[in-house]
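The values are calculated or read from the model by the stated rules, or taken from the named source; none is laboratory data. Since this is a predicted model, take the numbers as computed values, not measurements. These accessible areas exclude ligands, DNA and RNA; they are computed on the full protein's heavy atoms, side chains included. Shrake-Rupley method; radii C 1.70, N 1.55, O 1.52, S 1.80 Å.
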Amino acid sequence: MMKLVTWNVNSIRQRCDHVLDYLAREQPDVLALQEIKCATDIFPAGAFAQAGYERTVVGQKSYNGVAILSRQPFEVTHTALPGWETDPPQARYVEIRTGGLVVGNLYLPNGNSGGGPGYDSKLAFMEALALHAGGMLQAGQDFVLMGDYNVCPTDEDYAPGALPPTDALVRPESRAAFRRLLWLGLTDALRALHPTGRFYTFWDYQAAAWQRDSGLRIDHALLSPRVAERLLAALPARDERGRAQPSDHVPLAITLADATA
């Protein structure tokens, strides 16, 4: 089996011990991290190497930043999302190939800041992601696109009253862009196994959101068709949010059967 996890850690330097503890307990094959909030050269690579994980990091001082940790050898295929550029550049995508599988790790713009141009950048990212996914599908590539999508696909994906209808995470254009990825032929891993129910991956630090269970499902793993056939499990690690000094997101883990099974 192969276990892949996505986790917005909201500062890897503050949450390094949390991540190391999670790796020791769960032993994922691949861990995709978002919002590491550090430059590449100060990422705590040594600590993860001691735990048996090699890394690729696309860092950015104080903001954004993505990294992938892997127990298996891998090849880096992209350090930015093809077709999406900003000035100045933003560290929001990294992609590897390991075990015959491409794993894309994304941190999609929130879209609520920067006014109209900020929201346009969010939609442009999703457009570029759809084009990239379409290209991989045409090439017959098996892949997973996982990370913080900053989209609640349906009303069931956020607690009642948690967001206004004007929020960028639930605006019709955001949801349509997410559905476009599904209509290409990708599978939302969690909903494939749990079609209904509230499975949150984020609880804001404000307004006692965790205590009130006022959460959002905004971290997703989308699978190409052959990978979806291998899907065995998909669940967020809800208990992580209840730890001391947690990230506001929790890990979302998926388990795949071996490709030869």
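Data for the structure
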read-out: Lysines with Cα under 28 Å of K122, excluding same-chain neighbours fewer than 8 positions away; value: K37, K61
read-out: Of I12, I218, I42, the one that fluctuates the most in a GNM where the chain has Cα springs shorter than 10 Å; value: I42
read-out: The chain - Debye-derived log10 I(q)/I(0), Cα point model, q = 0.07, 0.10, 0.16 Å⁻¹; value: -0.21, -0.44, -1.27
read-out: Shape of the stretch 77-146, Cα gyration tensor, a/c cut at 1.5; value: prolate
read-out: Accessible surface, the stretch 1-105, averaged per residue in Å² (probe 1.4 Å); value: 44
read-out: Distance between the stretch 128-149 and the stretch 213-248 - C-alpha centres, whole angstrom; value: 19
read-out: Amide hydrogen neighbours beyond the local backbone of N8, cut-off 5 Å, H modeled; value: Q34
read-out: Solvent-accessible area, 1.4 Å probe, carbon plus sulfur percent, for the stretch 143-261; value: 54
